[in-house]
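One structure below.
Please treat every number below as a calculation from the coordinates, not as lab data. This structure is a prediction, so every number in the text was calculated from the model and none was measured. Neighbour counts run over all protein chains shown; Cβ positions are idealised from the backbone, glycine included.
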Amino acid sequence: MMSMVPDWAREQKEFWEAIRRRNLWFIKLRYGIVALLGVFLLLTTTVFRINYSDTQITAGVIIILSILIYNVLLHRLRKFVKFDVARFNPLYLSLLQMLLDLIALFMLIYYTGGIESPLYMQFVFLVIIGSLILPGKLVYTMAAVFVIAFASLITLEYHHLIEHHSIEGFLSSTLYNNLNYAGAFLFTFAFMSFVSVYLANGMARQLYKREKDLVDSMKKINAAEKEKQKYIMGIVHEIKTPVVAVASYIDIILQKFLGPIDETIEEKLVRAKNRTDEGIQMINDVLNVSKLTLYDQFDEEEIDINEIVSGVVKRRKVSADAHLIKLSLFDVREKKEKIKGDKFLLDIAFSNLVGNSIKYGIDGGNVEVTINSSTNNLTIEVCDDGVGIPENELPKIFKDFYRAANVKKIIAEGSGLGLSVVKRIVERHGGVIKAESPSRMAKKDYPGTCFTIELPFEREEKDEALEEFKANA
């Protein structure tokens with residue numbers, strides 16, 4: 001089977017989705033055309049008193065019903081057409097639609113007067129549409145075949161070899177037997193048809209070329225971005241090694257393995273340890289962002305969300321106790337349903353949220369993690385009674401490198417990447433994240449913050465035809 005797919009478009013889902021949308025648009029438009037033809041036939045016979053012959057009325061009804069029937073079949077067929085460049089794909093469906101429409105149009109023209117029919121202009125409309133989708137050579141061939149068929153029809157009618165179906169009351173005199181008019185008409189019709197194909201196909205080629213250039217540019221940008229992320233990951237990882245080593249040495253001293261230490265020195269070492277921990281967290285944030293950008297890998301498996309969240313709470317308990325913060329987990333679901341997702345990524349997301357609640361909490365405060373569910377969604381809520389977030393800054397907190405003004409005064413260090421990482425992870429799972437401040441745990445001087453994550457039990461299925469195409473491409 002002849003391939004009609006441009007080489008650059010073979011792996012471009014946007015191209016295939018555009019063709020699918022156009023096919024559906026043509027099908028819906030054809031339903032409207034069927035209705036208009038039916039109304040036109042009814043009005044011209046009853047209101048305008050045009051005298052159609054019995055043959056014309058019968059042929060008209062049959063053609064209109066035929067268009068309706070093959071349009072319904074095309075509508076159903078469209079659902080089973082796969083994105084396979086080597087087999088019947090949406091482009092071939094476009095070609096099939098155009099061929100059927102040309103046959104129906106040719107029959108309508110014949111039974112409404114041939115050269116005298118005003119419907120011949122619809123052919124120009126069809127070839128313009130075809131030129132925007134199908135290869136130029138194919139559209140030129142179809143235009144030439146139609147022009148030859150139309151010329152043959154005019155010739156056969158002129159020589160009375162086939163019956164001419166005039167519309168009584170439409171023209172004052174017949175034109176099909178006027179040789180000069182027939183020749184001028186045919187020349188003008190052919191010229192207009194081929195010029196329309198040339199102009200429309202030329203514009204389509206330019207659009208395809210620009211699309212190809214855009215695709216190539218995007219590939220280069222993505223390649224450059226991946227190289228940049230690899231470079232960042234390499235540098236940041238090298239920076240992390242000595243910082244972790246410093247933190248380890250400070251731990252050894254604070255745990256007094258090297259002997260007792262002065263209280264003043266211990267206080268300074270605790271501060272240094274806190275700063276190195278913050279530095280390590282910032283480095284981890286940068287590495288996580290780079291990994292999310294660099295790798296499209298998504299390991300999907302059935303997950304018990306309580307297992308992940310309870311693991312995060314257990315790990316963060318030490319930090320919470322150090323800040324005299326009560327960290328609690330509540331699973332209030334009636335039915336413990338599992339979801340599909342990436343365990344590693346979700347662990348990063350929940351760890352960030354719980355860590356932030358502890359980091360920006362108050363001594364003697366509370367952090368509550370609540371797991372709940374509805375019919376379609378799993379909900380995880382992380383609430384605290386800490387410093388909160390100014391209301392006017394809530395829409396900005398999920399942007400890269402953004403930190404609320406009030407937290408900068410409390411803790412100078414921070415990358416501002418944690419929440420943007422969480423948002424990316426949640427959206428990759430088809431979910432949403434929202435932030436509220438004040439929270440339901442707000443106190444007089446401490447408004448607190450609530451982060452709510454909603455994860456669907458069933459994510460929207462991807463187009464199977466598109467996935468199969470990408471697998472075969």
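Structure notes:
- Cα-centred dipole magnitude for the chain, charges only on beta-carbon of K, R (+1) and D, E (-1), debye, nearest 20: 560 debye
- Computed about its Cα centre, the charge dipole of segment 8-222 is approximately 1280 debye, with only Lys, Arg, Asp and Glu carrying charge at their Cβ.
- For segment 122-246, fraction of C-alpha pairs farther apart than 24 Å, in %: 59 percent
- Each pair of Cα atoms in segment 96-157 enters the Kirkwood radius, and Stokes-Einstein at 25 °C and 0.890 mPa s then converts it into a translational diffusion coefficient of 207 µm²/s.
- Options Leu73, Leu102, Asn51, ranked by Cα towards positive dipole end of segment 8-222, top entry (Cβ charges): Leu73
- Gyration tensor (Cα) of the chain, equivalent ellipsoid semi-axes in angstrom: 73, 25, 18
- Count of lysine pairs in segment 308-374 with Cα separation under 27 Å (8 or more residues apart, or interchain): 20
- FRET efficiency, Lys336 to Leu214 (Cβ-Cβ, R0 51 Å, nearest 0.05): 0.60
- Global geometry of segment 8-222, whether rounded, prolate or oblate, following the gyration tensor of its Cα atoms and the 1.5 cut on a/c: prolate
- Lysines with Cα under 18 Å of Lys137, excluding same-chain neighbours fewer than 8 positions away: Lys209
- With a simple spin-label model that places each label point 7 Å from the Cα along the Cα-to-Cβ direction, the separation between Met107 and Tyr249 comes to 9.0 nm.
- In order along segment 56-64, the phi-based Karplus estimate (6.51 cos²θ - 1.76 cosθ + 1.60, θ = phi - 60°) of 3J(HN,Hα) comes to 5, 5, 4, 5, x, 5, 4, 5, 4 Hz; Gly and Pro are listed as x.
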